[in-house]
């Protein structure tokens, strides 16, 4: 259900060499730089979900973050799959993922030391429909997120790439994306 993860890098060639060692190039003739080259304009090669266990995000206030992610990820089919909330104690965390499964995003309280990654980093969650993308965006705004791109088609990413972008209360950039070619969402 994690659609993709974008990383901001300072040295693209060094990053390409590093990541191509982890995720081999598409063909034996491909270079290290080719390993990260988009298959379609502006679309990074997907990391197979079997290769990623979870992604931890540091947050300033675990209760606020839990409420935000409970509200927005439920619309994409995620649930809180574990919780370690101990009011007033350090190191509290929650994990969200498919019901009955393991966590994909994990939120860990780091108090005022928490900091979102810099420019270029965002997490994209797969949405089951364009309507779910719209609902994700509305719920995120209602739960304290900031708009970073209203729901709509993103033609540079593909003819059916429908997405919405949010900055969460801890400044993490998140996205919901649906590539279903079914057409416009209900009510539009």
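Take the alpha carbon gyration tensor of the range 52-178, find the square roots of its eigenvalues, order them as a ≥ b ≥ c, and report rounded if a/c is under 1.5; if not, report prolate when a/b exceeds b/c, else oblate. Don't skip to the answer; put the middle values down first.
Numbers: a/c = 1.96, a/b = 1.59, b/c = 1.24.
Prolate, because a/c is 1.5 or more and a/b exceeds b/c.
If I stretch the segment between residue 115 and residue 182 completely, what's the gain in nm (0.36 nm per residue apart, minus their alpha carbon distance), one decimal? Please report the intermediate quantities before stating the final value.
Working: separation 67, 0.36 × 67 = 24.12 nm, distance 3.79 nm.
Between residue 115 and residue 182, full extension yields an extra 20.3 nm.
Sorting the segments 139-152, 66-79 by their residues' average number of neighbouring beta-carbon atoms within 10 angstrom, most packed first, yields 66-79, 139-152.
Defining a contact as two alpha carbons under 8 Å apart and six or more residues distant in sequence, what relative contact order in percent does the range 52-178 show? Working shown, then result.
Working: 269 pairs, mean separation 32.3, N = 127.
Averaging sequence separation for qualifying contacts and normalising by length gives 25 percent for the range 52-178.
Using a simple spin-label model with pseudo-atoms 7 Å out from Cα toward Cβ, residue 55 and residue 79 lie 2.3 nm apart.
Arranged from highest to lowest average of other beta-carbon atoms within 10 Å per residue, in what order do the peptides 161-170, 103-112, 84-93 appear? Could the numbers behind the result be given before it?
Values: 161-170: 21.9, 103-112: 18.5, 84-93: 11.8.
Result, highest mean first: 161-170, 103-112, 84-93.
Across the range 69-126, Cα pairs under 8 Å and at least six residues apart give a relative contact order of 26 percent.
Where a number appears in this text, it was derived from the coordinates with a stated rule and is not lab data. Quantities reported herein were computed from a predicted structural model and do not represent experimental measurements. Positions of Cβ are backbone-derived with ideal geometry, glycine not excepted, and every protein chain shown enters the neighbour counts.
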